[in-house]
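Step one of this worksheet: look at the structure below.
Each reported figure results from applying straightforward, stated rules to the coordinates on display, with no laboratory input. Predicted model only: the values in this text are computed from it and were never measured. All Cβ positions, even for glycine, are placed from backbone atoms using ideal geometry, and neighbour counts span all protein chains on display.
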């Protein structure tokens, strides 16, 4: 059994990437892990820092430099393609993750070994934010008509999006108090959070791929659409636990830029997959 972990660094790797690598190195059977790091908008400083992190660990780490910021999913796909060419095959398990996560469970590999790769080709772990909020499952069911309408209105106007964001935050605070905790049991869901997604080798055997026709905020939904196309399930798997320090990277991008990129992703999703 082997696991590839692909993550994306942007800026100072000591702020997030190093913490992720530190937690991975503490996993049991860490010799079964290969790590691929995309260094977006790579600089001499970030490159040297990543090399220093690599030299401090026994993990098999490969660093891939990108002159410009390819953002999350496109950069991860590029690393996957390079690792596939180097190894001539896909791993038993691939995890694509943000660099602002840490593993709180050292028994990750032993748990993956027990999971049926054909029955569970895409899994999402129990991701807990630094504030203690569970952020998986991302969507239990496919988006409703009203949910799609909300996003159409949201992306119709930047000013309107600010107003809707304020209303949405207030609603979520109220809703969380009423609704309590998220799903605790393993179950099939529509989509899992993009902060960390596991793909088994069977996903690729069935013709699975990573869609990189967007820059930000499209990974959850494109993975869901691909799963639908291939007629394979996505499963929430709470036995694997991960801590997510939310928005460590995107907080450095101004709101209008994230809005524009989110709008492009939304527009793409409206036309992709024959929709």
(message) Using only the alpha-carbon atoms, how far is helix 158-179 inclined from the longest principal axis of the chain? Give it as 0 to 90 degrees, nearest 10.
(response) 80 degrees
(message) Rounded to two decimals, what is the ratio between the C-alpha radius of gyration of region 34-187 and 2.2 N^0.38 Å?
(response) 1.32
(message) Going by Cα centres, region 213-245 and region 90-113 are how many Å apart?
(response) 15 Å
(message) For the chain, take the longest principal axis of its alpha carbons; what is the angle in degrees between that and the long axis of helix 219-230, to the nearest 10 within 0 to 90?
(response) 90 degrees
(request) Going by C-beta contacts inside 10 Å, put 271, 7 in order with the fewest on the left. (result) 271, 7
(request) Report the residue, chosen from 122, 240, 101, that carries the largest GNM mean-square fluctuation when the chain is represented by alpha-carbon nodes joined by springs under 10 Å. (result) 240
(request) Write down Rg/Rh for the chain, rounded to two decimals, with Rg from the C-alpha atoms and Rh from the Kirkwood relation over Cα pairs. (result) 0.95
(request) With a point put 7 Å past each Cα toward its Cβ, work out how far residue 153 is from residue 239 in nm, to one decimal. (result) 4.3 nm
(message) Can you compute the FRET efficiency between residue 131 and residue 104 using 1/(1 + (r/R0)^6), with r the Cβ-Cβ distance and R0 = 22 Å? Round to the nearest 0.05.
(response) 0.90
(message) Tell me the relative contact order for the chain as a rounded percent, counting alpha carbon contacts under 8 Å between residues six or more apart.
(response) 25 percent
(request) Evaluate the relative contact order of region 189-275 (contact order divided by residue number), counting alpha-carbon pairs under 8 angstrom at least 6 apart; express in whole percent. (result) 41 percent
(request) Kindly put 193, 81, 44 in sequence by how many other C-beta atoms sit within 10 Å of each C-beta, fewest to most. (result) 44, 81, 193
(message) Cut-off is 10 Å between beta-carbons; in what order do 206, 255 appear when sorted fewest neighbours first?
(response) 255, 206
(request) Evaluate the distance, in nm, between pseudo-label points positioned 7 Å from the Cα of residue 188 and of residue 167 along their respective Cα→Cβ axes. (result) 3.5 nm
(request) Calculate how many DSSP beta bridges within the chain are antiparallel, expressed in % of all such bridges and rounded to the nearest 5. (result) 35 percent
(message) Can you tell me which of 93, 171, 151 moves the most in a GNM of the chain? Springs connect C-alpha atoms under 10 Å apart.
(response) 171
(message) How tilted is helix 44-56 with respect to the longest principal axis of the chain? Cα atoms for both, answer in degrees (0 to 90, nearest 10).
(response) 60 degrees
(message) Could you work out the relative contact order of region 8-90? I mean the mean sequence separation of Cα pairs under 8 Å and 6+ apart, divided by the number of residues, in percent.
(response) 35 percent
(message) Per DSSP helix of 4 or more residues, -39500 (n - 2.57); summed, then divided by the residues of the chain. What does that give at 222 nm, rounded to the nearest 500?
(response) -12500 deg cm²/dmol
(message) As a test, work out the antiparallel percent of DSSP beta bridges whose residues both lie in region 1-132, rounded to the nearest 5.
(response) 0 percent
(request) Springs between alpha-carbon atoms under 10 Å, Gaussian network over the chain: tell me which of 164, 139, 20 tops the mean-square fluctuations. (result) 164
